[in-house]
1. Residues being surrounded by fewer than 18 Cβ atoms within 10 Å (Cβ to Cβ) and either at pLDDT 90 or above or farther than 19 Å from Ala477 by Cβ (or both): count how many of those fall in region 418-440.
2. List pairs: first residue in region 60-73 and of a type in the set (Gly, Ala, Ser), second residue modelled with pLDDT of 70 or more anywhere in the structure, Cβ distance under 8 angstrom, at least six positions apart or on different chains.
3. Taking the options Gln234, Gln221, name whichever one is out of contact with any strand residue (DSSP E or B) (no Cβ under 9 Å at 6 or more places or on another chain), under 30 Å from Phe131 (Cα atoms) and not assigned by TED's automatic domain parsing to the domain that holds Thr144.
4. Please determine, by comparing only the residues of region 142-168 that are among the acidic types (Asp, Glu) and not in a helix (DSSP H, G or I), which one is nearest to Ser185 (Cα to Cα).
5. Out of everything in region 379-398 that is part of a loop (DSSP other than H, G, I, E, B) and in contact with a His (Cβ under 9 Å, 6 or more places away or on another chain), what residue ends up being surrounded by the most Cβ atoms within 10 Å (Cβ to Cβ)?
6. Select, from Ala27, Ala44, Ala11, Ala63, the only residue that is farther than 22 Å from Arg225 by Cα and modelled with pLDDT under 80.
7. For residues that are within 45 Å of the chain's Cα centre (by Cα) and among the charged types (D, E, K, R), scanning just region 159-184, find the one that is surrounded by the most Cβ atoms within 10 Å (Cβ to Cβ).
8. Answer yes if at least one residue in region 126-133 is modelled with pLDDT of 90 or more and in a strand (DSSP E or B), and no otherwise.
Amino acid sequence: MPPPLFADHPADRTPERDAVEALISQARTLRGGLDAVRRESSVAGDLAADPQLRWQRALCDLAVHHLDDLGGHLDQLREGLPGTLAEGPEPHVEAPAAPPEAPEPGALLRRVGSAEWNLLTDDATWSDELFTMFGREPADGPLTLDELPSLVHADDQEKLAVMVTDCLVDGRPIDGEFRIVRADSVHRTVHMVGEPVLDADGSTACMWAVLRDVSELRRSQSAVRETGDSLRRQRHVAQTEHRLAVELQEAVLPPWRGSLRFPEGGPVTLDLAGRYLPAGTSALIGGDWYDALQLPDGRTLLSVGDLTGHGVAATSGMAMVLGALRGMAVAGHRPGQLMGFLNQLLDSATQPALGSAVCCQFDPATRALEWAQAGHPAPLLFRGGTGRALDAPEGVLLGATTGASYGQHAERLEPGDLLVLHTDGLVPRRTHAPDSTHEGTERLLALAPRFGAARSAQESVRIVVEEFGTAEREDDACVLIAKVGD
């Protein structure tokens with residue numbers, strides 16, 4: 001039942017009706033566009049596993065409900081304007097085909113009903129839509145203002161009483177929501193707006209109201225809040241974990257940034273420099289490391305490696321492996337033995353992980369380099385303007401095989417030699433492309449002339465960073481360079 005302002009009008013069309021028709025067309029176009037976005041979001045990923053997608057879908061649903069309500073209101077507004085269907089054919093309006101989930105046009109109107117309560121006769125008049133909304137049969141008759149609270153949720157009855165009292169006693173417009181519990185136990189949320197109708201003496205004679213079922217709208221708003229809160233919590237956790245991973249990595253990796261010389265006071269020294277190169281996505285903090293340590297017997301330990309995974313788990317695992325490697329090297333174990341012990345460590349860890357590593361020990365007295373590897377790129381040796389990869393001894397990934405054995409090779413270094421150790425994340429992985437590790441080796445070997453002209457290990461590291469530092473890597477990487485003193 002429309003409010004009193006809907007009086008009879010001439011049957012001819014008016015500019016107001018044309019404007020409403022244009023708005024209806026725009027609303028339908030927006031509705032079709034939103035449905036397309038919803039379909040795309042449904043196939044873009046796993047909604048159950050991705051809070052970002054769930055939040056986006058909830059926003060789409062909320063926007064759809066707003067547009068549905070807007071469409072229903074515009075339809076009712078059109079019915080009250082001149083040029084209705086009864087007065088002539090409705091002009092054709094182009095609109096996108098509605099998807100299966102789009103509501104039928106009649107369903108939009110059933111969400112809005114109207115009522116009038118006469119205070120002088122205690123009569124009540126309800127529209128058919130309001131009976132449907134409240135789950136009542138028209139034969140049962142409308143509820144009076146005194147009877148209305150019987151279908152209102154107990155927690156909202158006082159709220160409704162205040163709204164009605166303010167309207168009837170103080171003449172204030174009604175604008176509020178309450179929940180109803182229908183006879184079929186269905187709960188709905190209703191938004192009511194209304195005004196008092198005054199008699200000639202200025203007293204309230206009756207009250208009319210328009211009631212709108214906003215249950216789906218409120219559920220969508222709740223879903224947006226919940227998914228938004230979930231997304232914010234997940235982002236906060238991710239930011240916290242990222243910060244912890246960065247702090248742990250900075251605490252574990254060597255604190256020196258410039259060149260380092262080992263051993264101190266020995267017959268031959270190694271000029272050392274290293275660099276950590278982050279992934280293209282700064283959030284991916286992995287388990288890559290590089291390390292150099294002077295051992296009690298005068299030898300120098302060099303190592304680089306990488307544990308699978310990202311975040312705190314990877315960096316904490318890297319810290320455990322690097323600490324164990326240093327401790328066992330100080331105890332006098334050789335590179336092949338070190339790889340075997342690290343394999344046992346990862347194989348028996350409570351959170352199993354895989355890793356690759358290369359470990360070298362340089363003896364300044366003999367210039368002998370002993371080394372072992374576990375599924376890792378071999379060190380590159382540059383001498384006289386050319387470079388080559390050292391022949392790799394036997395070795396599988398750490399943590400992959402219980403009781404695996406690791407071989408060990410030896411290489412005699414000459415004054416001026418340059419040794420390059422690196423992890424395999426230097427080169428971006430490419431789908432359908434050759435082995436990225438091989439590509440990285442070839443690109444490093446091509447730098448031989450520049451390495452030959454470099455005066456220090458630090459300058460050589462800068463050459464590597466210039467070649468690989470701006471690459472869009474999917475993973476982080478480390479490089480460690482040792483230059484044998486003359």
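1. Total meeting the criteria: 2.
2. Within 8 Å, the pairs are Ala63/Leu34; Gly71/Ile24; Gly71/Ala27; Gly71/Arg28; Gly71/Arg31; Gly72/Arg111; Gly72/Val112.
3. Values: Gln234 fails: under 30 Å from Phe131 (Cα atoms).
Sole residue among the options that is out of contact with any strand residue (DSSP E or B) (no Cβ under 9 Å at 6 or more places or on another chain), under 30 Å from Phe131 (Cα atoms) and not assigned by TED's automatic domain parsing to the domain that holds Thr144: Gln221.
4. If we take residues in region 142-168 being among the acidic types (Asp, Glu) and not in a helix (DSSP H, G or I), then Glu147 is nearest to Ser185 (Cα to Cα).
5. Let us first name the residues in region 379-398 that are part of a loop (DSSP other than H, G, I, E, B), namely 379, 384-385, 390-397.
If we keep only those that are in contact with a His (Cβ under 9 Å, 6 or more places away or on another chain) as well, we get 379, 390-393, 395, 397.
Numbers: Pro379: 22, Leu390: 18, Asp391: 8, Ala392: 17, Pro393: 18, Gly395: 25, Leu397: 17.
The qualifying residue surrounded by the most Cβ atoms within 10 Å (Cβ to Cβ) is Gly395.
6. Just one listed residue meets the conditions, Ala11.
7. Arg179
8. yes
The values are calculated or read from the model by the stated rules, or taken from the named source; none is laboratory data. Values in this document were obtained by computation on a predicted structure and should not be read as measured data. Reconstructed Cβ throughout: ideal geometry from the backbone, glycine too, with neighbour counts over all protein chains shown.
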